[in-house]
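Structure, as structure tokens:
The values are calculated or read from the model by the stated rules, or taken from the named source; none is laboratory data. These numbers come from a predicted model, not from an experiment. With ideal geometry, Cβ positions are generated from the backbone for all residues, glycine too; neighbour counts draw on all protein chains shown.
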Amino acid sequence: MAVDAADGVEIRSALMRLRRATGLPVAFGGLVEPGRRHVRISELSGTATAALSALAVTSGNGLGGKAVALSRPCAVTDYSVSRQISHEYDLPVAAEGLRSVLAVPVVVRRRVRGVLYGALRSAQPLGDRTLGAAVAAARDVEQALVLRDEAGELLATARPQPVREPAGSATAWEQVREAHAALRALAPRIADPALRDELLRACGLLAPGAGPGGQGVRLTPREVDVLACVAAGATNAAAAERLGVGPETVKGYLRSAMRKLGARTRGEAVVAARRAGRLP
């Protein structure tokens, strides 16, 4: 199975940041293929040949495989003669002319999901600054994958839910409202526009749309985000943390929404937003 296109973009961006931060001439990487024990090298930056393209690196083999097996960064000063690694991939590495190489695993929820490499075409030690930059780049990819995983889980939860509250299922409907709030909070943090749009479409399915008296209520997306958090029971501080803004910003959005909805309290604002079809 091929690497998801959005994941490929994340890896490519991380490799470019790594090269800019360190001056390394070559960087490459890829993700573990679903159901397999190997990393498929899918992204190349600064390479002169296609020797490493689509290379499958098995756990335990070579430098990257060692990083996968140990779940920690690994480096060698001269790849072809190093006694610290096995040498299944010497030919493609030599074809690219690489000598000093480091490999950093991308670990999500204690599971290795990929590897980022940086390399020199000369045999010289790769210092702590270079290793730190590589680890930071891997963390960026990890965070992007975590967000995508969370989005996928929320979408899976949200899709089968009804859009109107059935009698006797208040608990299930509260789960729908919590999923709606989580989706609204997560969407702005998703870099992939297609996935972000899918999240917002799911939010639209969970909220019934403008109801009676709701046609003239114009709430901004951020006002809806704040109301969704409030509806799920979040305090202003908790809503601020979830949305990545300050508590005063949350208060400002809430005051604005309350004014538009003609509400005097947070609870009244939530009720009015639901009647207007802006919240499930």
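Here is a check on your reading of the model: is ARG139 in the same structural domain as HIS38 (by TED's automatic domain parsing), free of Cβ contacts under 8 Å to residues at least 12 places away in the same chain, basic (Lys, Arg) and not in a loop (DSSP other than H, G, I, E, B)?
Criteria met by ARG139.
Being in contact with a Leu (Cβ under 7 Å, 6 or more places away or on another chain), surrounded by fewer than 20 Cβ atoms within 10 Å (Cβ to Cβ) and in contact (Cβ under 8 Å) with a residue 40 or more places away in the chain, is that true of even one residue in region 76-87?
So far as region 76-87 goes, no, none of its residues is in contact with a Leu (Cβ under 7 Å, 6 or more places away or on another chain), surrounded by fewer than 20 Cβ atoms within 10 Å (Cβ to Cβ) and in contact (Cβ under 8 Å) with a residue 40 or more places away in the chain.
Please indicate, with yes or no, whether at least one residue in region 56-63 is of a type in the set (A, V, I, L, M, F, W, C) and surrounded by fewer than 17 Cβ atoms within 10 Å (Cβ to Cβ).
Yes: one or more hits.
Which pairs turn up if I take residues in region 98-113 that are not assigned by TED's automatic domain parsing to the domain that holds THR47 and surrounded by fewer than 19 Cβ atoms within 10 Å (Cβ to Cβ) and look for partners that are among the polar types (S, T, N, Q) and part of a strand (DSSP E or B) with beta carbon separation below 9 Å, at least 6 apart in sequence or on another chain?
That search, which allows pairs on different chains as well, returns nothing.
Could you please give the count of residues in region 110-129 that are under 16 Å from ASP78 (Cβ atoms), of a type outside the set (D, E, K, R) and touching a Leu at 6+ places or on another chain (Cβ under 9 Å)?
Total meeting the criteria: 5.
Return the residues of region 234-271 that are farther than 19 Å from GLN175 by Cα, in contact (Cβ under 8 Å) with a residue 40 or more places away in the chain and either basic (Lys, Arg) or not assigned by TED's automatic domain parsing to the domain that holds GLY204 (or both); say none if nothing qualifies.
LYS260, the sole residue that qualifies.
If you go through region 20-37, how many residues are under 25 Å from the mean Cα position of the chain (by Cα) and surrounded by fewer than 19 Cβ atoms within 10 Å (Cβ to Cβ)?
Of the residues in that region, 7 qualify.
State which residue is nearest to LEU219 (Cα to Cα) when the search covers only region 240-264 and only residues that are of a type in the set (Lys, Arg) and under 31 Å from the mean Cα position of the chain (by Cα).
Per the criteria, the residue is LYS251.
Considering every residue within region 189-201, establish whether at least one is over 29 Å from ASP78 (Cβ atoms) and either touching a Pro at 6+ places or on another chain (Cβ under 9 Å) or modelled with pLDDT under 65 (or both). Steps first, answer last, please.
Filtering region 189-201 down to residues over 29 Å from ASP78 (Cβ atoms) leaves 189-201.
Still in the running and either touching a Pro at 6+ places or on another chain (Cβ under 9 Å) or modelled with pLDDT under 65 (or both): 196, 200.
Looking for residues that are over 29 Å from ASP78 (Cβ atoms) and either touching a Pro at 6+ places or on another chain (Cβ under 9 Å) or modelled with pLDDT under 65 (or both), one finds at least one in region 189-201, hence yes.
Which of the numbered conditions does LYS66 fail, given that it passes all the others? Conditions: (1) under 22 Å from ARG12 (Cβ atoms); (2) modelled with pLDDT of 95 or more; (3) not in a loop (DSSP other than H, G, I, E, B).
The failed condition is (1).
For region 88-97, which residues satisfy the criterion of being assigned to a loop (DSSP other than H, G, I, E, B) and either buried (at least 17 other Cβ atoms within 10 Å of the Cβ) or touching a residue at least 60 places away in the same chain (Cβ under 8 Å) (or both)? Lay out the reasoning, then the answer.
Filtering region 88-97 down to residues assigned to a loop (DSSP other than H, G, I, E, B) leaves 88-89, 96-97.
Passing the criteria: TYR89, GLU96.
Name the residue that is surrounded by the fewest Cβ atoms within 10 Å (Cβ to Cβ), counting only residues in region 120-179 that are modelled with pLDDT of 70 or more and of a type in the set (Ser, Thr, Tyr).
Per the stated criteria, the residue is SER122.
When residues of region 14-28 are filtered for being without any contact (Cβ under 8 Å) to a residue 24 or more places away in the chain and farther than 13 Å from ARG121 by Cβ, how many remain?
Of all residues in region 14-28, those without any contact (Cβ under 8 Å) to a residue 24 or more places away in the chain come to 20, 23.
If we keep only those that are farther than 13 Å from ARG121 by Cβ as well, we get 20.
Number satisfying all stated conditions: 1.
Please give the number of the condition VAL32 fails out of (1) modelled with pLDDT of 95 or more; (2) in contact with a strand residue (DSSP E or B) (Cβ under 9 Å, 6 or more places away or on another chain).
(1)
For residues that are hydrophobic (A, V, I, L, M, F, W, C) and at pLDDT 70 or above, scanning just region 208-219, find the one that is farthest from ARG275 (Cα to Cα).
Among those residues, the one meeting the criterion is LEU219.
Mind telling me which of the residues ARG72, ARG40, ARG83, ARG113 ends up being basic (Lys, Arg), in a loop (DSSP other than H, G, I, E, B) and within 24 Å of the chain's Cα centre (by Cα)?
ARG72
Based on what the data block shows, is ALA50 farther than 18 Å from VAL141 by Cβ, free of Cβ contacts under 8 Å to residues at least 12 places away in the same chain and part of a helix (DSSP H, G or I)?
Values: farther than 18 Å from VAL141 by Cβ: yes; free of Cβ contacts under 8 Å to residues at least 12 places away in the same chain: yes; part of a helix (DSSP H, G or I): no.
Judged against the criteria, ALA50 is not a match.
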